[in-house]
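Below is one structure, written out as structure tokens; the observations come after it.
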Amino acid sequence: MSTDKKIVISRSLEKKMETISPFELKNELIKLADESAQKETLSMLNAGRGNPNWIATVPREAFFLLGKFGLEECKRVMEFSEGIAGIPELKDCSKRFRQFLEKNKGEAGAQLLADTYQYLVEKGAEPDELAHEWAESVKSVIGDQYPVPDRILKYTDMIVHPYLLQEMCDNRPPAGKFDLFATEGGTAAMCYLFDTLQENYLLTTGDQVALMTPIFTPYIEIPALKRYNFKVTEICACQMTQEGYHTWQYKKEDIDKLRNKEIKALFLVNPSNPPSYALSQETLEQIVDIVKNDNPNLMIITDDVYGTFVPHFRSLMAEVPANTLCVYSFSKYFGATGWRLAVIALHEENIYDKMIAALPKEQKQSLARRYGSITLEPDKINLSTGWLPIAGR
């Protein structure tokens, strides 16, 4: 909110809020904040909803200016009066891009394009490849080709990877690298992950999983589908203060349920949705201890879309990287739900590949038949590439 004044809530309203669901509570708090903002003639910026009520302008300015360059590149190759153009050319593309930036240096978004281009070149990007990827690729502006590589574009990876280390790991990442898989928003990431874990025999119908609640509703609905029919253990954020207020944190004895090796996977949204509280340091340390000492093959799927709003946020991908699949969406932080931009991160050293390598012979043969259509060495496919054919990409 754009004011530092506190919203005064009566004790009777406090008691009422203790009896309603988190989603109803969220709506009540938004209503109160809106009323306060109206009194102060200020606007409330709200990211804690399906669609934020604001957008980030600078990346859009750069994106639309990049679109102008992409169209110029297409028309340079071929142009017909009917509105048909060619495909951007790789040779000398960076030279033309620099000329374009110089010609448009006063335009909105030009400085961000110039700075990002320089940043990637200094990181080792090949200039012509970079400018060509931006002009043509499916997640850029023209979109005339399938993405290559199809897991995530080469130079997109070079931007997103350090961004995740900064925002999800508080600039204190674990050693090693994360493999990234771009998806059509966070919802697509959920679907891919549930399918992938099942199709690779890491989860089977009727397995026991845990949900940390409150949680975004698809995580409640998907496990109940007939194809999964998972047995769900709910771990509720029901910890209270001595005064009787919710902290939206988890009791130690409830987190200890994860020590049961029958629980194969843990699904959570961190910070929570809708309460919007990040896991406490104590809970993070307890989960690390459980993985280290009791349930080393616990698969953790954490949806961290709101992590960028928490100062010094630490995802479980930073604390237990070998066990964690992290879903991050750009929707909330950039006000871009309609663009469907998200990514799944998996550490290069992970339990998933080890568990696949240890599958029984019959299941390995089944996976070899499935992935034999895309590689001559299907046994060398790891999870971050193995989820592609399942997703139908």
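The values are calculated or read from the model by the stated rules, or taken from the named source; none is laboratory data. Quantities reported herein were computed from a predicted structural model and do not represent experimental measurements. Note that each Cβ is placed from the backbone with ideal geometry, even for glycine, and that neighbours are counted across all protein chains shown. Please note that ligands, DNA and RNA were not included when accessible areas were found on the heavy atoms of the full protein model with its side chains. Shrake-Rupley method; radii C 1.70, N 1.55, O 1.52, S 1.80 Å.
Some points to look at:
- Summed over segment 70-94, residues that are part of a helix (DSSP H, G or I) and in contact (Cβ under 8 Å) with a residue 24 or more places away in the chain total 7.
- Residue satisfying condition, being at pLDDT 95 or above, closer than 26 Å to Asp170 by Cα and either of a type outside the set (S, T, N, Q) or out of contact with any strand residue (DSSP E or B) (no Cβ under 8 Å at 6 or more places or on another chain) (or both), within set Glu285, Glu234, Glu262: Glu285
- Of the residues making up segment 210-254, those that are in a strand (DSSP E or B) and either in contact (Cβ under 8 Å) with a residue 60 or more places away in the chain or more than 18 Å from Asn273 (Cβ to Cβ) (or both) are Met212, Lys231, Thr233, Met240, His246.
- Top-ranked residue of segment 108-130 - restricted to ones that are in contact with an Asp or Glu (Cβ under 8 Å, 6 or more places away or on another chain) and surrounded by 16 or more Cβ atoms within 10 Å (Cβ to Cβ), ranked as farthest from Ala62 (Cα to Cα): Asp128
- Residue match in segment 151-166 (condition: among the aromatic types (Phe, Trp, Tyr), touching a helix residue (DSSP H, G or I) at 6+ places or on another chain (Cβ under 6 Å) and more than 27 Å from Lys264 (Cβ to Cβ)): yes
- Within segment 327-362, considering residues that are free of Cβ contacts under 8 Å to residues at least 40 places away in the same chain, under 20 Å from Asn382 (Cβ atoms) and not polar (S, T, N, Q), the one least open to solvent (accessible area, probe 1.4 Å): Asp353
- Cβ pairs under 6 Å, 6+ apart, first in segment 176-199 and farther than 20 Å from Arg227 by Cβ and open to solvent by 10 Å² or more (accessible area, probe 1.4 Å), second outside any strand (DSSP E or B) and of a type in the set (S, T, N, Q): Asp179/Ser384
- Top-ranked residue in segment 157-175 [being in contact (Cβ under 8 Å) with a residue 40 or more places away in the chain and of a type in the set (A, V, I, L, M); ranked as most open to solvent (accessible area, probe 1.4 Å)]: Ile159
- Of all residues in segment 255-307, those being assigned to a loop (DSSP other than H, G, I, E, B) and of a type in the set (A, V, I, L, M, F, W, C) number 4.
- Taking each residue of segment 142-156 that is farther than 20 Å from Leu383 by Cβ and looking for partners that are in a loop (DSSP other than H, G, I, E, B) with beta-carbon atoms closer than 6 Å, six or more apart or interchain, yields Asp144/Ile87; Tyr155/Ala125.
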